[in-house]
1. Restricting to the range 151-171, name every residue that is at pLDDT 95 or above and among the small types (Gly, Ala, Ser).
2. I'd like the residue in the range 1-24 that is basic (Lys, Arg) and modelled with pLDDT of 90 or more and, out of all such residues, is surrounded by the fewest Cβ atoms within 10 Å (Cβ to Cβ).
3. Among residues belonging to the range 102-119 that are surrounded by 20 or more Cβ atoms within 10 Å (Cβ to Cβ) and more than 10 Å from the ligand (Cβ to nearest atom), point out the one that is nearest to residue 5 (Cα to Cα).
4. Taking the condition of being assigned to a helix (DSSP H, G or I) and surrounded by 17 or more Cβ atoms within 10 Å (Cβ to Cβ), how many residues in the range 25-45 meet it?
5. Checking residue 86 against (1) surrounded by 14 or more Cβ atoms within 10 Å (Cβ to Cβ); (2) part of a strand (DSSP E or B), which single condition isn't satisfied?
6. Cβ contacts < 6 Å: first residue in contact (Cβ under 8 Å) with a residue 24 or more places away in the chain and among the polar types (S, T, N, Q), restricted to the range 31-51; second residue surrounded by 15 or more Cβ atoms within 10 Å (Cβ to Cβ) and in a helix (DSSP H, G or I), any location; separation 6+ or different chain. Result?
Amino acid sequence: MEIEVLRIGQRLVRDDRVTTHVALVARAFGAKKIFMSEINPEIGETIYKVNETWGGDFEIEFIDNWKMIVKNKKKQDFKIVHLSMYGEKINKIQTDISSENKILIVVGAEKVPREIYELADYNVGVGSQPHSEISALAILLDRIQNGAQFDLIFQKAKRRIIPSKTGKNVVMEETRD
Ligand SMILES: C[S@@+](CC[C@H](N)C(=O)[O-])C[C@H]1O[C@@H](n2cnc3c(N)ncnc32)[C@H](O)[C@@H]1O
């Protein structure tokens with residue numbers, strides 16, 4: 001499944017740490033790309049440094065107009081999956097979402113524009129209590145991939161972790177293209 005993420009909505013106070021964590025979860029849990037409107041180049045630098053060390057080619061695109069991204073993705077046959085505490089229960093619709101080929105997952109910041117509920121193919125609630133876009137994204141990505149995201153190989157990594165019972169076992173890769 002091809003997965004991309006879009007973060008929309010405005011925070012009263014910009015929270016770069018949350019935004020960075022949304023991007024880190026998207027990358028580590030198998031999405032290809034994130035679109036976001038919080039234009040702080042440091043977020044991009046952090047994520048590209050993570051790519052450099054730990055591999056993969058996860059992308060960030062800073063955007064002005066989230067609606068245009070949603071409309072373009074719809075034209076490219078992506079299904080729009082909007083995470084919202086008001087949405088349908090994840091337990092009920094996770095199988096339908098898993099069977100899609102291409103999805104754009106939309107997460108909000110503080111204020112979510114009303115139109116996204118109509119533009120979405122799925123409005124998904126990870127429970128009906130307010131929590132966080134980081135947790136909602138991680139749980140959705142895990143449910144729709146059944147854990148397969150943790151077997152992904154991130155290409156061209158400089159370092160690789162060998163999971164171990166005790167201590168840290170990190171292999172330094174010698175060759176990079
Ligand atoms: C801090 S919440 C803001 C909620 C906001 N008041 C609203 O209008 O939805 C930020 C984002 O986290 C995600 N989120 C929070 N709780 C969720 C839940 N129970 N299920 C799905 N997504 C959730 C949504 O994407 C939401 O836009």
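The values are calculated or read from the model by the stated rules, or taken from the named source; none is laboratory data. Quantities reported herein were computed from a predicted structural model and do not represent experimental measurements. FYI the Cβ positions are ideal-geometry reconstructions off the backbone, even for glycines, and counts take in every protein chain you see.
1. The answer is 157, 164.
2. Taking the candidates together, the pick is 17.
3. 104
4. Looking only at that region, the number is 6.
5. (1)
6. Matching pairs, first to second residue: 46/20.
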